[in-house]
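The values are calculated or read from the model by the stated rules, or taken from the named source; none is laboratory data. These numbers were taken from a predicted model, which means no experiment stands behind them. Counting neighbours? That spans all protein chains shown, and the Cβs are built from the backbone with ideal geometry, glycine included. Just the protein is used for accessible areas: all its heavy atoms, side chains included, with ligands, DNA and RNA removed. Shrake-Rupley method; radii C 1.70, N 1.55, O 1.52, S 1.80 Å.
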Amino acid sequence: KSEQFEARYVTVEVQRSPSLFFKGMECSRIAVATAHGEGYAEFANESEIIAAAPLVALRFVDNCGVVTECYPVNPNGSPQGITGLTSSDGRFTILMPHPERAADALLGSTDGLVILKSMVHSLSAAHA
């Protein structure tokens, strides 16, 4: 944890979860921007982390694809690299990285487009 604001690219891996936004993207590794100052996945104890496991949608991973809690790859030190969680029905997903900041080549990466397109597809399918 640096305890200061940071804006840079990190790699996340999509986990198997009920999230509609990441449907069909399991195991994808994506470089996305993080704008981190204070966000942190905090759990009271190990049993809460275990209970949340099926709802984890994204984790920080290192360059070898290994889940990490180590700075700077995991900029906030979230336990087990957790950086995205979803509701049990998959309709609500929260995440700390910012895919919209990696959605155009002018921004340095288009990797975030994959996440944004998946979100649009899921919403379109739900209203069809």
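Against the test of being touching a Pro at 6+ places or on another chain (Cβ under 6 Å) and over 23 Å from Val120 (Cβ atoms), the options Glu46, Glu69, Glu6, Glu42 yield a single qualifying residue, Glu6.
If you go through region 75-98 and pick out every residue that is at pLDDT 90 or above, open to solvent by less than 30 Å² (accessible area, probe 1.4 Å) and farther than 15 Å from Phe21 by Cβ, you end up with 4.
Would you pick out the residues in region 99-128 that are in a helix (DSSP H, G or I), over 12 Å from the mean Cα position of the chain (by Cα) and crowded, with 20+ Cβ neighbours inside 10 Å?
Taking region 99-128 and keeping what is in a helix (DSSP H, G or I), we get 99-102, 105-107, 112-126.
Applying the additional criterion that residues be over 12 Å from the mean Cα position of the chain (by Cα) yields 100-102, 105-107, 113-114, 116-126.
If the condition is that a residue be in a helix (DSSP H, G or I), over 12 Å from the mean Cα position of the chain (by Cα) and crowded, with 20+ Cβ neighbours inside 10 Å, then Ala102, Ser118 are the ones that fit.
Could we say that Gly65 is under 22 Å from Lys23 (Cβ atoms) and in a loop (DSSP other than H, G, I, E, B) here? Considered against the rule, which asks whether it is under 22 Å from Lys23 (Cβ atoms) and in a loop (DSSP other than H, G, I, E, B), Gly65 comes out as yes.
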